[in-house]
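Everything on this sheet refers to the single structure shown next.
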Amino acid sequence: MRMRKKGNLENRLESCADILTVADLADKNMSTAAEKKDYLDFESIFKNNNPVRLEIGCGKGKFVCETAVLNPDINFVACEKVSNVIIDACERVKRENIKNVYFLNCAAEVLLKYFKPHSVEQIYLNFSNPLPKEGYKKQRLTHPKFLGLYRTLLKEGGKVVQKTDDKNFFEFSLESFKEADYKILSVCEDLKNSPVEGDVETEHERLFKMQGKPIYRIVAEV
């Protein structure tokens with residue numbers, strides 16, 4: 001079912017312009033769009049030079065907001081391609097006066113337009129769409145195409161932290177990380193019963209745990 005557009009969405013996005021960049025998608029070709037650089041100036045945005053972490057697919061922002069509060073000396077950029085969803089996250093940050101979160105309304109394919117190479121210390125992939133049909137494999141956020149993009153974004157020794165409830169996606173991701181020559185630092189196949197200190201629960205994660213589903217977690221290093 002198609003999501004109904006939120007009321008007054010354009011004005012609400014505009015009111016969050018101080019913490020949000022909305023991608024210019026005049027160029028529908030993601031590859032060429034990413035080549036037209038418009039780098040974010042993190043020192044200017046956050047008024048400091050603290051390390052930067054990136055969440056790709058932030059949804060309504062529970063994870064990034066709560067993680068940012070727990071880590072005030074780290075800056076977080078949260079990416080979400082659906083405007084109708086990211087507005088909830090932006091408004092929460094403003095409502096709670098969280099100073100170390102900034103948002104990007106764009107698809108993952110154009111992240112290199114906004115990030116200088118090797119400027120991110122950690123990437124979070126929380127419950128990305130597993131896209132189970134074989135024909136959509138190249139669009140999975142742990143496909144080698146994206147792992148190459150992350151390698152460009154990440155600093156030396158940078159990490160990707162992935163969580164999913166989908167076993168097939170988990171297994172696909174684990175193989176993709178290995179094939180892309182990432183170092184697997186940790187693997188958890190039951191996060192509910194083996195919690196990780198400081199790991200914030202997402203909206204989807206809470207629901208899946210209530211349904212009795214196992215939660216898989218991978219930490220991989222470039």
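What does the C-alpha gyration tensor say about the overall shape of the range 69-159? Classify as rounded when a/c is under 1.5, otherwise prolate if a/b is larger than b/c, or oblate. Walk me through the intermediate numbers first.
Details: a/c = 2.13, a/b = 1.32, b/c = 1.62.
Because a/c hits 1.5 or more and a/b fails to exceed b/c, the range 69-159 counts as oblate.
When the helices in the chain are scored as -39500 (n - 2.57) per DSSP H run of 4 or longer and the sum is shared across all residues, what 222 nm value do you end up with, to the nearest 500 deg cm²/dmol?
Details: 9 runs with 75 residues, N = 222.
The helix contribution divided over the chain gives -9000 deg cm²/dmol.
List the aspartates and glutamates whose Cα sits under 14 Å from the Cα of Lys183, skipping any in the same chain fewer than 8 residues away.
Glu156, Glu175, Glu221
Which percent, nearest 5, of DSSP beta bridges in the range 101-222 are antiparallel?
Working: 11 of 17 bridges.
Given both bridge residues lie in the range 101-222, the antiparallel proportion sits at roughly 65 percent.
For the chain, calculate the relative contact order in percent as a whole number, restricting contacts to Cα pairs under 8 Å that are 6 or more residues apart.
Working: 386 pairs, mean separation 43.3, N = 222.
In percent, rounded to a whole number, it is 20.
Counting DSSP beta bridges with both partners in the chain, what percentage is antiparallel, nearest 5?
Details: 11 of 32 bridges.
Counting DSSP beta bridges with both partners in the chain, the antiparallel share is about 35 percent.
Lysines near Lys163 by alpha-carbon distance under 16 Å, same-chain residues fewer than 8 away left out - which ones?
Lys62, Lys192, Lys209, Lys213
Give me the 1.4 Å probe accessible area per residue for the range 45-142, excluding ligands and nucleic acids, in Å². Could you put the intermediate results ahead of the total?
Working: 4120 Å² over 98 residues.
That works out to 42 Å² for each residue.
If you bin the C-alpha pair distances of the range 16-128 every 5 Å from 0, what whole percents do you get?
Taking all Cα pairs of the range 16-128, the binned fractions are 2, 12, 25, 26, 21, 10, 3, 1 percent.
Which of the cysteines found in the chain have nothing to pair with, since no other Cys Cβ lies under 4.7 Å from theirs?
Cys58, Cys65, Cys79, Cys106, Cys188
Would you be so kind as to identify which of Leu13, Phe103, Asn75 lies farthest towards the positive end of the dipole of the chain, taking Lys and Arg as +1 and Asp and Glu as -1 on Cβ and the Cα centre as origin?
Leu13
Translational D (Stokes-Einstein, µm²/s) of the range 145-222 at 37 °C and 0.692 mPa s when Rh comes from the Kirkwood sum over C-alpha pairs? Walk me through the intermediate numbers first.
Working: Rh = 13.2 Å.
Answer from the Stokes-Einstein relation: 249 µm²/s.
As an exercise, find the ratio Rg/Rh for the range 37-101 from alpha-carbon atoms, using the Kirkwood inverse-distance average for Rh.
Details: Rg = 11.4 Å, Rh = 12.0 Å.
Reported Rg/Rh (Cα atoms, Kirkwood Rh): 0.95.
The values are calculated or read from the model by the stated rules, or taken from the named source; none is laboratory data. Keep in mind it's a predicted model, so treat the numbers as computed, not measured. Counting neighbours? That spans all protein chains shown, and the Cβs are built from the backbone with ideal geometry, glycine included. Surface areas here come from the heavy atoms of the whole protein model, side chains and all, with no ligands, DNA or RNA. Shrake-Rupley method; radii C 1.70, N 1.55, O 1.52, S 1.80 Å.
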